[in-house]
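S.K.: One structure coming up, written as structure tokens, with questions to follow.
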Amino acid sequence: MSPRPPLIETRALGKVYSPGTPAEVVALRGVDLRVEHGEFLAIMGASGSGKSTMMNLIGCLDTPSSGTYLCDGVDVASLDAAGRARLRLEKIGFVFQGFNLLSRQTALENVMMPLVYAGVPVAEREPRAREALAQVGLSDRAGHKPSELSGGQQQRVAIARALINQPPLLLADEPTGALDSRTSEEIMALFERLQAGGRTIIIITHEQPVADHADRIVVMHDGELHEQGWQAPGKGK
Ligand code: ADP
Ligand code: MG
């Protein structure tokens, strides 16, 4: 029996923007990262250290300049654009600092949106979206537009949308960056519940109290990734 591969494995991953031009930026330098199924990882580091670049590569939103990336055992370089889009749809839910909700649509409609792209039959969309809203504790806000919700509620809608296709991985870039500290704690508690339900979580943050909710912290510095170590059971809370 072959052991289950890690969900994420990068080997000597590199990224250079605008190579060979005066604007060249080396954003990632030989990054080796393994994330097992069910882990909760925080990626920290100063602004410009390469965190979002790393997230874009893990999320198959961009391609590396060098090195290898295996997502759930699949070498992403072997996929064409359609294959990468499929992998994204099946494996990864994205959460962003600015929530990225459609302002004219209700919470329910926002959460249903990825099902349209996934080709899910119309009749299935609404019950699944209601279930996802229930998972984040927002059943009673399904008909509200983003402007009628608090920041924390909007981020929970965005998390429900990220969960709608049941991806094994949630990838969140500064998910609490626009929230006050109390609301941030609520969102992190939600991520912990989702981890307990079997999901793998990777968050990018520069806030230590946020990172303390993870099992493991890695720190980026000038395009290099360094292990900061494992946290004790019960974590930093
Ligand atoms: P972080 O998320 O840690 O702030 P980024 O990954 O966004 O860092 O950026 C890493 C480096 O790459 C920075 O020097 C940034 O200016 C540069 N960079 C990011 N995206 C691009 C891009 N699309 N084109 C050129 N340079 C970029
Ligand atoms: Mg960033």
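Since every read-out is calculated from the coordinates, none of them should be taken as a lab result. Just so you know, these numbers come straight off a predicted model, no measurement behind them. Don't worry about glycine lacking a Cβ; one is built from the backbone with ideal geometry, like all the others, and counts go over all protein chains shown.
S.K.: Write down the radius of gyration of the range 41-82 and its Dmax, each obtained from C-alpha positions, in Å.
M.R.: Cα radius of gyration and Dmax of the range 41-82 are 11.5, 33 Å respectively.
S.K.: Also: How far, in nm, would the chain grow between SER181 and ALA196 when pulled straight, counting 0.36 nm per residue and subtracting the alpha carbon separation? Before the final figure, lay out the partial values.
M.R.: Values: separation 15, 0.36 × 15 = 5.40 nm, distance 2.25 nm.
Here the answer is 3.2 nm.
S.K.: Would you please put 141-150, 6-15 in order of how densely packed they are, using the mean number of other Cβ atoms within 10 angstrom per residue and starting with the highest?
M.R.: On the way: 141-150: 15.3, 6-15: 19.5.
In decreasing order of mean packing, 141-150, 6-15 become 6-15, 141-150.
S.K.: Mind grabbing the base-10 log of I(q)/I(0) for the chain at q = 0.10, 0.12 Å⁻¹? Debye formula, identical points on the C-alpha positions, no solvent, two decimal places.
M.R.: -0.47, -0.68
S.K.: For the range 36-112, which trypsin sites (Lys or Arg not before Pro) are in a loop by DSSP, counting at most 14 other Cβ atoms within 10 Å?
M.R.: Details: sites: LYS51, ARG84, ARG86, ARG88, LYS91, ARG104; in loops: ARG104.
Qualifying residues, ordered by number: ARG104.
S.K.: To check you understand DSSP bridge types, tell me what percent of the beta bridges within the chain (both residues inside) are antiparallel, rounded to 5.
M.R.: Values: 20 of 39 bridges.
Taking every DSSP beta bridge within the chain, about 50 percent pair in antiparallel fashion.
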